[in-house]
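The values are calculated or read from the model by the stated rules, or taken from the named source; none is laboratory data. All of these numbers come straight from a predicted model, not from anything done at the bench. As a convention, Cβ positions derive from the backbone with ideal geometry for all residues, glycine included, and neighbour counts pool all protein chains shown. In case anyone asks, the SASA skips ligands and DNA or RNA and just uses the protein heavy atoms, side chains included. Shrake-Rupley method; radii C 1.70, N 1.55, O 1.52, S 1.80 Å.
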Amino acid sequence: FSYDKVFDHGASQEDVFVEMSQLVQSALDGYKVCIFAYGQTGSGKTYTMMGPPGRDQKGIIPRSLEQIFKTSQSLESQGWKYSMQASMLEIYNETIRDLLAPGRSNNFDLSTSKQYTIKHDPQGNTTVTDLTVADVFSSADVTSLLAKASQSRSVGRTQMNEQSSRSHFVFTLKISGSNENTGQQVQGVLNLIDLAGSERLAKSGSTGDRLKETQAINKSLSALSDVIFAIAKGDDHVPFRNSKLTYLLQPCLGGDSKTLMFVNISPEASSVGETICSLRFASRVNACEIGIPRRHTQARSFDSRLSYG
């Protein structure tokens, strides 16, 4: 297998972030950026994206936000002013859940929850109806929101992982910048995604609700594979609508964004089958051409709704 970059056991969280920090910077420059982690349950996706509390162990999401706010402040001397909005959702059993909704808890009744709708516009922007959007002014603001979202996210115990993420987590930061000296405006989007883990039912020991969750997770990851394969083959029809995950990510996978995938693999010998599957999928992703990234700039104010993609 051959990839753009391989991190071994000795790599630190900082090593990983340094490798993709310029991609994060692109969001400030007016690009749509999507970074997501894929892999089997327990392979370290949430650790890579979030990391545990602690300065040295922070993952990609908190490090990205620190860089975004630090760089935006340094650009003020050049006439740039930025405003930012954040949202956080999970896709659980093919249902969108707003992790920042007032009174949100991870055991609420799905039958009484809002029905969120994914909408794409002709410009390639994506909105999720009724989703909570929060204005953020510092990395501390976002850290507080991440803590709230983390408490709301669906997790469950399986035989493969004591605290297994049972949903796909999508963090979105919409960035609007204007330069008072030149009149230029940019609109960037940063999507950071921690996918639920793929797993074999026989190994996870899932029953009841865990079984339903696993089936929904595997179905959506299979849909992601179908989309990637269709793009790689240059098919006229790409089945984005086959899952909420792929439909939400359509602009990232089939549009003009800069997209990066981390594949996390387990070093355990007992996981070799799932590891091979992940490596094969990652090779197919690495060979995909999804389009030319386009910088989003204009000379007038733009729609303030949150955009994905």
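So which of SER21, SER43, SER2 ends up being modelled with pLDDT of 90 or more and among the small types (Gly, Ala, Ser)?
SER21
Determine, yes or no, whether SER111 is more than 21 Å from TYR247 (Cα to Cα) and at pLDDT 90 or above. I'd like the intermediate steps shown before the answer.
Numbers: more than 21 Å from TYR247 (Cα to Cα): yes; at pLDDT 90 or above: no.
So SER111 fails the test.
When you scan segment 47-64, do you find a residue that is surrounded by fewer than 19 Cβ atoms within 10 Å (Cβ to Cβ), under 28 Å from ALA11 (Cβ atoms), at pLDDT 80 or above and out of contact with any strand residue (DSSP E or B) (no Cβ under 9 Å at 6 or more places or on another chain), even just one?
If we filter segment 47-64 for residues that are surrounded by fewer than 19 Cβ atoms within 10 Å (Cβ to Cβ), which is where we start, we get 47, 52-57.
After this cut, where a residue has to be under 28 Å from ALA11 (Cβ atoms) as well, the list is 47, 52-57.
Next cut, at pLDDT 80 or above only: 47, 52, 57.
Now restrict to residues that are out of contact with any strand residue (DSSP E or B) (no Cβ under 9 Å at 6 or more places or on another chain): 52, 57.
Yes, there is a match, as at least one residue in segment 47-64 is surrounded by fewer than 19 Cβ atoms within 10 Å (Cβ to Cβ), under 28 Å from ALA11 (Cβ atoms), at pLDDT 80 or above and out of contact with any strand residue (DSSP E or B) (no Cβ under 9 Å at 6 or more places or on another chain).
From the set of residues in segment 250-278 that are in contact with a Cys (Cβ under 9 Å, 6 or more places away or on another chain) and of a type in the set (Ser, Thr, Tyr), which is farthest from LEU195 (Cα to Cα)?
SER257
So which residues in segment 38-81 are more than 22 Å from the chain's Cα centre (by Cα) and aromatic (Phe, Trp, Tyr), if there are any at all?
TRP80
Identify, please: which residue in segment 238-281 is open to solvent by 20 Å² or more (accessible area, probe 1.4 Å) and of a type in the set (Phe, Trp, Tyr) and is, among those, farthest from the chain's Cα centre (by Cα)?
For segment 238-281, the residue satisfying everything is PHE240.
Name every residue in segment 17-37 that is within 25 Å of LEU224 (Cβ to Cβ), open to solvent by 20 Å² or more (accessible area, probe 1.4 Å) and either β-branched (Val, Ile, Thr) or touching a residue at least 60 places away in the same chain (Cβ under 8 Å) (or both), in order of residue number.
The answer is LEU23, TYR31.
Could you check segment 1-41 and list, in sequence order, the residues that are polar (S, T, N, Q) and outside any strand (DSSP E or B)? Step through it out loud before you land on a result.
Quick first cut of segment 1-41, residues polar (S, T, N, Q) only: 2, 12-13, 21-22, 25-26, 40-41.
Within segment 1-41, SER2, SER12, GLN13, SER21, GLN22, GLN25, SER26, THR41 meet the criteria.
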